[in-house]
Amino acid sequence: MRKTIALLLLMTVPLPATAWDLTALMEDLARHKGGRARFVEKKNIALLDKPVTSSGELRFVPPARLEKRTLLPRPESLVLDGDTLVIERGKQKFNVRLSEQPEALAFVDSLRGTLTGDQAALERSYKLSLSGNEEHWTLDLRSEER
């Protein structure tokens, strides 16, 4: 089965008045230590006719706390502190050690890599594509499993 995952992060970060490109964006993100961002995530799954889209808010507190609060299509909370991930869906609550879940670790690394501006780490797992302008941009991370 072939599965394509695309993660779109929509953030507004003021950038310096220099040439604006992916490298400039990553450098600027690296200078910001922590913060919040809205996200839109689209998952293309071979068994489905259209992408599954979710959206919400990310919060990063350096060095290792990451929160993903999904609002749509249904509420969900993922809180990563170090290697421990706590997932809450409705009345269910799960604790996961990421060292035991490589797929979850890859996803978390994509978020941490984006929020810390680690372009090299992102490019190890994804093809990066930047669109928009300095004030309103979209970073598209694409990974294809075969």
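Scan the stretch 88-128 for residues that are assigned to a loop (DSSP other than H, G, I, E, B), within 18 Å of the chain's Cα centre (by Cα) and of a type outside the set (Val, Ile, Thr) and report the count.
Looking only at that region, the number is 4.
How do the pairs read when you match residues in the stretch 29-43 that are closer than 20 Å to Phe107 by Cβ with residues anywhere that are in a strand (DSSP E or B) and aromatic (Phe, Trp, Tyr), using Cβ under 6 Å and keeping only pairs 6 or more apart or on different chains?
Cβ pairs passing all conditions: Gly34/Phe60.
For the stretch 41-54, which residues satisfy the criterion of being surrounded by fewer than 12 Cβ atoms within 10 Å (Cβ to Cβ), within 22 Å of Asp140 (Cβ to Cβ) and among the hydrophobic types (A, V, I, L, M, F, W, C)?
Ala46, Leu48, Val52
Out of the residues in the stretch 91-107 meeting the condition of being open to solvent by less than 60 Å² (accessible area, probe 1.4 Å) and at pLDDT 85 or above, tell me which one is farthest from Leu22 (Cα to Cα).
Val96
Yes or no: the stretch 108-115 includes at least one residue that is buried (at least 16 other Cβ atoms within 10 Å of the Cβ) and touching a Gly at 6+ places or on another chain (Cβ under 8 Å).
Within the stretch 108-115, one or more residues are buried (at least 16 other Cβ atoms within 10 Å of the Cβ) and touching a Gly at 6+ places or on another chain (Cβ under 8 Å).
With the condition kept exactly as written, say whether any residue in the stretch 26-36 is part of a strand (DSSP E or B), open to solvent by less than 60 Å² (accessible area, probe 1.4 Å) and either modelled with pLDDT of 85 or more or over 23 Å from Gln101 (Cβ atoms) (or both).
Within the stretch 26-36, one or more residues are part of a strand (DSSP E or B), open to solvent by less than 60 Å² (accessible area, probe 1.4 Å) and either modelled with pLDDT of 85 or more or over 23 Å from Gln101 (Cβ atoms) (or both).
Considering Leu105, Leu80, which residue is touching a residue at least 12 places away in the same chain (Cβ under 8 Å) and not basic (Lys, Arg)?
Criteria check complete, one pass: Leu80.
Checking Glu135 against (1) touching a residue at least 60 places away in the same chain (Cβ under 8 Å); (2) farther than 19 Å from Gly34 by Cβ; (3) surrounded by 15 or more Cβ atoms within 10 Å (Cβ to Cβ), only one condition comes out false. Which one?
(3)
Report, by residue number, each residue of the stretch 70-85 that is open to solvent by less than 90 Å² (accessible area, probe 1.4 Å), under 16 Å from Arg38 (Cα atoms) and assigned to a strand (DSSP E or B).
Thr70, Glu76, Ser77, Leu78, Val79
Can you go through Glu67, Glu57, Glu88 and tell me which one is open to solvent by 50 Å² or more (accessible area, probe 1.4 Å), touching an Asp or Glu at 6+ places or on another chain (Cβ under 9 Å) and either under 13 Å from Leu111 (Cβ atoms) or among the small types (Gly, Ala, Ser) (or both)?
The match here is Glu57.
Quick one: is Ser131 more than 13 Å from the chain's Cα centre (by Cα), part of a strand (DSSP E or B) and of a type outside the set (Lys, Arg)?
Here the answer is yes, as Ser131 does meet what is asked.
Which condition breaks for Arg142 when tested against (1) free of Cβ contacts under 8 Å to residues at least 24 places away in the same chain; (2) closer than 23 Å to Arg38 by Cα?
Against the list (1) free of Cβ contacts under 8 Å to residues at least 24 places away in the same chain; (2) closer than 23 Å to Arg38 by Cα, Arg142 comes up short only on (1).
The values are calculated or read from the model by the stated rules, or taken from the named source; none is laboratory data. A quick note: this is a predicted structure, and the numbers were derived from the prediction, not measured. All Cβ positions, glycine included, derive from the backbone under ideal geometry; neighbour counts span all protein chains shown. All accessible areas refer to the heavy atoms of the entire protein, side chains included, with ligands and DNA or RNA removed. Shrake-Rupley method; radii C 1.70, N 1.55, O 1.52, S 1.80 Å.
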